[in-house]
Amino acid sequence: MSPGALRRTVARHGRRAVAGVVVAGAAIAALAEPAAAQRRRSTEPVIRALAFVGNAALDDAELAATIATEPSGCRSLLATPICWAWKGNAVYARRRLDRAELERDVLRLRVHYYKRGWRAVRIVPRVLPIDSGTVDIELRIAEGPPTLVGDFDLGPADTLLGASAKARVLAGFAPGRPLDLIRLDTIGLRATDALDARGYGDAQVIPSVAADSTSQRQDVTLTTYRPYRTRVEAIRVEGTERYDPRIVAATLLLRPGDRYSREAAAESQRALYEAGYFRRAVVRTEAGSADSLKVLVAQIEELPPRSMRVTGGVSTVDFVQVDARYTDANFRGGGGRFSVQGTVGNIFGEQLNGRYFFNNGRGGAPEDQSRRFLEPTWQLNAELRRRWLRDPRNQTAYSIFGYRRTAPGVFVDDGYGASATFTRDVMRRWPLSFTYRLEFTGVTAADTYFCVNFGVCDEESLRVLRRRQRLSPLAISTLVDRRDDPLGPTRGWFFRAEAEHADAWTLSDLRYSRAEVEASKYLPFGARLTLGLHARAGWVRGRVNPRFGNDAVVHPRKRFYAGGAQSVRGFGENQLGPRVLAIPLARLRAPEVRDDSIVVRAGCPPAVVDPGLCPVEPIRFAGDTTLYGNFVDGDFAPKPIGGTALLEGTVELRWRAIGPVTLAAFVDGGWVESSTAFTLVPRRSVITPGIGARFVTPVGPIRLDLGFNPLSRELLPVITEAPDPQGGAELQRVVQLRSFNPATGTGLGGIFNRVTLHLSVGEAF
């Protein structure tokens with residue numbers, strides 16, 4: 001080595017050594033600084049207020065989000081009332097002045113203004129003492145004139161993008177407007193995505209600005225790299241052991257010869273996960289035989305094809321419930337999914353009903369046959385799903401099933417049957433399903449229900465209705481789920497719609513048309529707050545049916561019921577909507593009742609203070625029978641009869657409080673009407689507020705809701721048993737309406753009686 005080279009080497013290493021010492025010293029100082037800085041900050045004054053003065057182009061909220069300095073204030077919005085009375089550290093944050101941080105904030109604001117197009121901005125901070133320990137901070141801003149966009153050159157993107165796509169890309173950006181560098185970066189990303197959607201999978205758009213920083217107008221250019229269309233040359237699957245690689249390739253949304261795009265590759269990866277076969281799935285690309293050709297590689301890690309899962313829960317609707325599911329995700333090696341699911345509910349229903357919080361409206365008058373609602377319910381379903389014609393957009397499903405289920409306080413339904421479904425993705429992740437269902441169903445309900453809904457009150461016709469009927473609808477439906485988490489969503493939306501028709505040509509004994517639509521939207525506000533919006537609407541009409549004397553008979557399960565944990569929570573299960581009062585005939589025949597020497601006579605209106613002064617008035621039936629009677633609220637319970645039209649909605653604010661606990665405040669609204677002649681009460685919508693809490697678990701949130709019912713008394717139709725001409729008995733409707741109080745009591749006790757408690761698993765929507 002020459003002497004000159006040696007000297008240069010020594011000098012270079014010497015400079016590195018000096019630099020190392022300087023860096024080490026800076027690191028030590030950085031470690032020591034916090035303690036000293038902490039002592040200094042403890043003596044600095046408290047910031048009372050922070051204000052921006054002189055800003056016009058950018059508002060205060062945007063500027064405050066840019067800097068670190070904050071005024072003192074309440075730690076939480078919910079603690080604001082406490083902060084008014086007490087400024088303790090637990091609820092009130094005292095923020096002290098940090099002069100070094102304030103200087104950095106001035107720099108942050110200048111950079112932010114520069115990016116927004118105001119390059120000549122001047123910012124002067126002022127600290128205004130209030131007293132010995134408190135200051136106000138003013139940030140005085142002189143924005144100056146903005147730098148404007150001059151000529152705007154799109155380059156190749158001008159011809160590669162269509163007119164509509166170009167308008168979306170350039171939204172809010174045009175010559176003569178302030179040169180917003182943040183928006184300019186967004187335009188580059190938009191243009192890249194727009195080209196990707198048009199098949200330019202390798203294209204990348206980079207914006208640039210002219211170098212002259214002194215001019216008030218600067219030219220902007222969009223440069224497009226690799227502006228050629230790309231296609232899939234081949235597909236390769238890696239990591240398969242049990243599954244046929246062709247099954248994996250068929251799950252992808254891309255085929256050899258298709259236009260390649262990054263979005264389609266990402267959706268293909270999502271489709272692999274949603275298939276349920278794989279623990280891990282990655283879709284990547286490799287270079288093909290030409291620049292415009294790609295080899296799509298699906299690298300997967302398989303799940304065991306067979307699985308067994310058993311879950312359980314407790315709710316005010318189903319009491320104790322157990323669910324078991326067996327799944328074979330690769331049935332007979334063909335990629336079909338075979339599953340068997342069984343559910344048993346109402347376990348310990350008879351023992352728990354009416355105890356603690358298990359009181360959901362299943363009980364009632366003796367003729368209600370309410371005991372049947374508390375017997376165990378069950379459901380068994382076996383299903384096979386597979387692709388059709390090896391197209392992942394086509395799927396068929398075949399199932400056989402049996403069940404016994406209840407609508408609390410309304411009816412018991414048991415039956416068996418089979419169904420076939422064909423599903424087609426009409427758009428990406430937007431399926432459309434066609435289903436034919438053939439089932440044999442038998443309904444057990446009080447005579448009241450059949451009489452009111454079907455207009456059939458005599459015993460002979462009731463026996464016909466109780467026979468097992470064929471229910472065979474043809475349905476079309478769609479379900480789109482764009483929520484970020486189905487168990488506890490914080491953003492996104494959900495949509496479901498279904499229409500079905502049953503008639504003689506579908507081999508159905510019961511003929512009807514029915515439609516239902518449901519939608520939810522979730523809006524995040526910060527990291528902890530989520531606003532949830534939900535709406536549901538439905539309509540059903542029966543068709544003339546010679547089998548039932550040309551009456552329009554609708555199956556009870558196809559009618560609409562409201563109230564409960566998944567509906568309007570101020571009411572018990574199925575207790576909102578059309579109802580009737582079933583009054584025992586013995587109560588109506590009693591001319592008077594003596595209680596503590598007070599004579600209670602028939603026909604007393606609710607407004608009469610002294611029942612002994614009531615005049616005796618007859619209660620007239622729709623027929624020729626005239627009876628006297630009296631009754632009080634405790635003698636009977638209102639019976640839901642279901643509606644033919646429904647509209648309900650919910651606004652719910654969810655706040656993630658501590659760990660797995662989420663609190664909620666909600667307002668539910670609902671309206672249900674029926675076209676039967678028994679619903680003589682004027683239509684009325686109901687709004688019920690409430691509060692709730694959720695505890696997040698691996699199987700979903702355990703939810704506790706308290707809903708308040710604002711209704712006092714309601715006017716309800718009355719139905720009873722009356723003698724028929726043959727000496728038997730039949731159900732008849734009382735002409736006059738009866739005032740009924742759903743929540744008895746006055747004062748604080750009356751308020752608590754209007755509160756309905758719901759315990760369930762899963763979100764309300």
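The values are calculated or read from the model by the stated rules, or taken from the named source; none is laboratory data. Nothing here was measured: the structure is a model prediction, and the numbers come from that model. Every residue, glycine among them, receives a Cβ derived from its backbone with ideal geometry; neighbour counts consider all protein chains shown.
For the reader, a short list of remarks on this structure follows.
- Scanning segment 221-251 for residues that are part of a helix (DSSP H, G or I) and either at pLDDT 85 or above or surrounded by 14 or more Cβ atoms within 10 Å (Cβ to Cβ) (or both) yields Pro245, Ile247, Val248, Ala249, Ala250, Thr251.
- Qualifying residues in segment 108-137 (those that are of a type in the set (A, V, I, L, M, F, W, C) and assigned to a loop (DSSP other than H, G, I, E, B)) - the one nearest to Asp180 (Cα to Cα): Trp118
- Among the conditions (1) surrounded by fewer than 18 Cβ atoms within 10 Å (Cβ to Cβ); (2) in the same structural domain as Arg262 (by TED's automatic domain parsing); (3) of a type outside the set (Ser, Thr, Tyr), Arg325 misses just one, which is (2).
- Residue match in segment 313-320 (condition: hydrophobic (A, V, I, L, M, F, W, C), within 31 Å of the chain's Cα centre (by Cα), at pLDDT 85 or above and under 30 Å from Gln575 (Cα atoms)): yes
- Going through (1) at pLDDT below 90; (2) closer than 25 Å to Ala120 by Cβ one by one, Leu102 falls short only on (1).
- Restricting Asn359, Asn381 to residues that are at pLDDT 75 or above, within 27 Å of the chain's Cα centre (by Cα) and over 13 Å from Ala445 (Cα atoms) narrows the list to Asn381.
- Qualifying residue in segment 261-281 (condition: assigned to a helix (DSSP H, G or I), without any contact (Cβ under 8 Å) to a residue 24 or more places away in the chain and hydroxyl-bearing (Ser, Thr, Tyr)): yes
- Gln204 falls short on exactly one of the conditions (1) within 15 Å of Gly155 (Cα to Cα); (2) surrounded by 19 or more Cβ atoms within 10 Å (Cβ to Cβ); (3) touching a helix residue (DSSP H, G or I) at 6+ places or on another chain (Cβ under 7 Å), and that condition is (2).
- The number of residues in segment 475-493 being buried (at least 16 other Cβ atoms within 10 Å of the Cβ), without any contact (Cβ under 8 Å) to a residue 40 or more places away in the chain and in a strand (DSSP E or B) comes to 1.
- Filtered residues of segment 252-296 (kept if among the hydrophobic types (A, V, I, L, M, F, W, C) and either surrounded by fewer than 15 Cβ atoms within 10 Å (Cβ to Cβ) or closer than 21 Å to Tyr228 by Cβ (or both)): Leu254, Ala264, Ala265, Ala266, Val282, Ala287, Ala290, Leu293, Val295, Leu296
- Exclusive hit being of a type outside the set (Asp, Glu), surrounded by fewer than 14 Cβ atoms within 10 Å (Cβ to Cβ) and in contact with a strand residue (DSSP E or B) (Cβ under 6 Å, 6 or more places away or on another chain), set Thr43, Thr80: Thr80
- Residue that is surrounded by the fewest Cβ atoms within 10 Å (Cβ to Cβ) [pool: residues in segment 431-462 that are at pLDDT below 85 and farther than 30 Å from Gly572 by Cα]: Glu460
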